[in-house]
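Student: One structure is given below, represented as structure tokens, and several questions about it will come after.
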Amino acid sequence: MSNPFLSLESLTKKFDEHLAVDALSLDVEQGDLLALLGPSGSGKTTTLRLLAGFEFPDSGRVVVEGDDLSRRPPAERKVGMVFQHYALFPHMTVAENVGFGLADLNKTDRDTRVRAVLEQVHMGELAGRPVTALSGGQQQRVAVARALAPQPRVLLLDEPLSNLDPTLRESTRTELRDSLKEIGITSVFVTHEQEEAFALGDQVAVLRNGRLEQVGPAPELYEKPASLFVATFVGRGSVIKGTLLEGDVARINDDVSWKVRTSGALTVGENVNLMVRPESIRFTDGAGLGGTVRHVRYSGARAFFSVETGAGPIEVEASVHAAGAGDTVRLEVDAVHAFPQSDE
Ligand SMILES: Nc1ncnc2c1ncn2[C@@H]1O[C@H](COP(=O)(O)OP(=O)(O)OP(=O)(O)O)[C@@H](O)[C@H]1O
Ligand SMILES: [Mg+2]
């Protein structure tokens with residue numbers, strides 16, 4: 001990327017001696033949605049607050065369109081923020097909430113802008129409603145409209161869907177992505193849910209202990225995880241031990257060796273962690289890793305089989321009729337990833 005719209009350059013933030021954000025560098029293209037994904041305490045909210053200007057970094061920079069914002073107060077950044085609990089003003093209507101940040105406009109211009117932004121999030125008809133008389137999904141759209149009203153250059157969203165019940169989340173997710181894409185606003189959002197990050201983000205950045213583990217489009221993270229942490233955080237997978245041999249082959253036991261995809265610096269003879277996704281392993285009548293089916297979890301026409309093997313438990317996804325609890329089976333793999341055991 002030659003001229004990214006938004007850049008985080010080696011951002012670092014310490015609270016006492018604790019490094020909440022540790023030399024974090026990320027670029028976002030204009031109009032893209034970047035997801036910050038990571039477990040609790042990995043520095044997602046702190047990163048968002050550094051972008052918004054609610055915190056200042058100890059070192060590093062936040063740059064938008066070539067402007068260094070790192071030391072500017074929030075009001076001077078032209079960055080909009082949607083808070084996790086929306087923080088709407090309960091005694092105000094939808095339109096009053098959305099117009100709140102537009103005090104410098106005259107009434108006519110303010111009304112025009114409020115109407116336009118409410119249309120963009122499909123809330124035009126509810127402009128006069130008190131926000132207390134809205135559903136969770138509608139409140140979320142008002143919060144987005146309020147953040148967009150002053151025409152920010154970047155929109156930040158902290159766990160934008162976590163307040164909604166699961167049935168609403170999926171449809172709201174699609175609507176939110178469609179709206180942001182239509183508006184073309186460059187956005188950064190925080191989530192600890194892989195599914196949400198994958199569904200909303202053009203790029204997904206995985207954070208761990210304040211550090212960037214990997215950034216890329218969802219399929220790349222899923223298919224080419226750079227570490228065992230990313231591999232297991234962004235999808236289902238079983239982890240077993242093996243030993244790396246010549247030619248990207250890992251030995252599981254005396255009878256079984258599998259071709260592997262390697263990540264990180266690995267040397268021949270090294271003990272490795274092997275990660276295999278349930279859809280990348282199958283039952284075979286031929287040679288393979290032997291095991292016994294312990295549990296079956298049905299999911300429509302497919303099922304997840306927990307297979308106890310000499311190398312540890314492995315989860316296999318297959319058709320419901322492929323095996324039953326108690327069966328002795330053999331396993332063959334399509335794709336296995338090898339990681340250094342030092343990187344657990
Ligand atoms: N104001 C603060 N003072 C001291 N420590 C803080 C402060 N804010 C955050 N931290 C610490 O920094 C680390 C990162 O916190 P942060 O809130 O950014 O994590 P997060 O990824 O958003 O987690 P969650 O998913 O739980 O919201 C945590 O260890 C947290 O305890
Ligand atoms: Mg947080």
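Just so it is clear, none of the values below were taken in a lab; they were calculated from the coordinates. Computed from a prediction, not measured in an experiment: that's the story for all the values here. So basically every Cβ, Gly included, is an ideal-geometry build from the backbone, and we count neighbours across all protein chains shown.
Student: Enumerate the aspartates and glutamates that K241 could reach by cross-link, defined here as Cα to Cα under 18 Å, with residues fewer than 8 away along the same chain left out.
Tutor: Cα-Cα hits under 18 Å: D254, D255, E270, E308, E315, E332, D334, D343, E344.
Student: Give the aspartates and glutamates whose C-alpha is closer than 16 Å to that of K107, dropping any in the same chain fewer than 8 places away, or say none.
Tutor: E96
Student: If you don't mind, another one. DSSP beta bridges in segment 69-210, what fraction antiparallel, as a percent rounded to 5?
Tutor: For segment 69-210, the DSSP antiparallel bridge percentage is about 10.
Student: Name the long-range amide H neighbours of R153: under 5 Å, sequence gap of 5 or more, or other chain; modelled H, no Pro or chain starts.
Tutor: V79, G80
Student: Mind ordering 113-123, 252-262 by average Cβ neighbours within 10 Å, highest first?
Tutor: Going by the mean number of other Cβ atoms within 10 Å, highest first, we get 113-123, 252-262.
Student: Between D254 and A75, what is the spin-label point distance in nm, taking each point 7 Å from the Cα along the Cα→C-beta axis?
Tutor: 7.7 nm
Student: Determine the calculated [θ] at 222 nm for the chain from helices alone, applying -39500 (n - 2.57) to every DSSP H run no shorter than 4 residues and normalising by the residue count; nearest 500 deg cm²/dmol.
Tutor: That calculation yields -6500 deg cm²/dmol at 222 nm.
Student: Which distance in nm do the two modelled labels at R261 and E246 give, with both placed 7 Å along the Cα-to-Cβ direction?
Tutor: 2.6 nm
Student: Right, another one. Just subtract the alpha-carbon distance of R236 and T292 from 0.36 nm times their residue separation and send over the number in nm, one decimal.
Tutor: In short, 18.2 nm is gained.
Student: Percent relative contact order of the chain, based on C-alpha pairs within less than 8 angstrom and at least six residues apart?
Tutor: RCO, the chain: 16 percent.
Student: Please list, or write none, the lysines whose alpha carbon is within less than 16 Å of the alpha carbon of K44, excluding same-chain residues fewer than 8 places away.
Tutor: K13, K14
Student: Take the chain, drop everything but the C-alpha atoms, weight them equally and run the Debye formula without solvent; then report log10 I(q)/I(0) at 0.07, 0.12 Å⁻¹ to two decimals.
Tutor: So the normalised log intensities are -0.39, -0.91.
Student: Another question, then. By per-residue mean of other Cβ atoms within 10 Å, what is the highest-first order of 290-298, 184-192, 102-110?
Tutor: Highest mean packing first, the order is 184-192, 290-298, 102-110.
Student: Next up: Which of the peptides 40-49, 130-139 is most tightly packed, and how do the rest follow, judged by the mean count of other Cβ atoms within 10 Å per residue?
Tutor: With the highest mean Cβ count within 10 Å placed first, the list reads 40-49, 130-139.
Student: Right, another one. If I take R0 = 56 Å and measure r between the Cβ atoms of S10 and V320 in this structure, what FRET efficiency does the formula 1/(1 + (r/R0)^6) give, to the nearest 0.05?
Tutor: With a Förster radius of 56 Å, E is 0.65.
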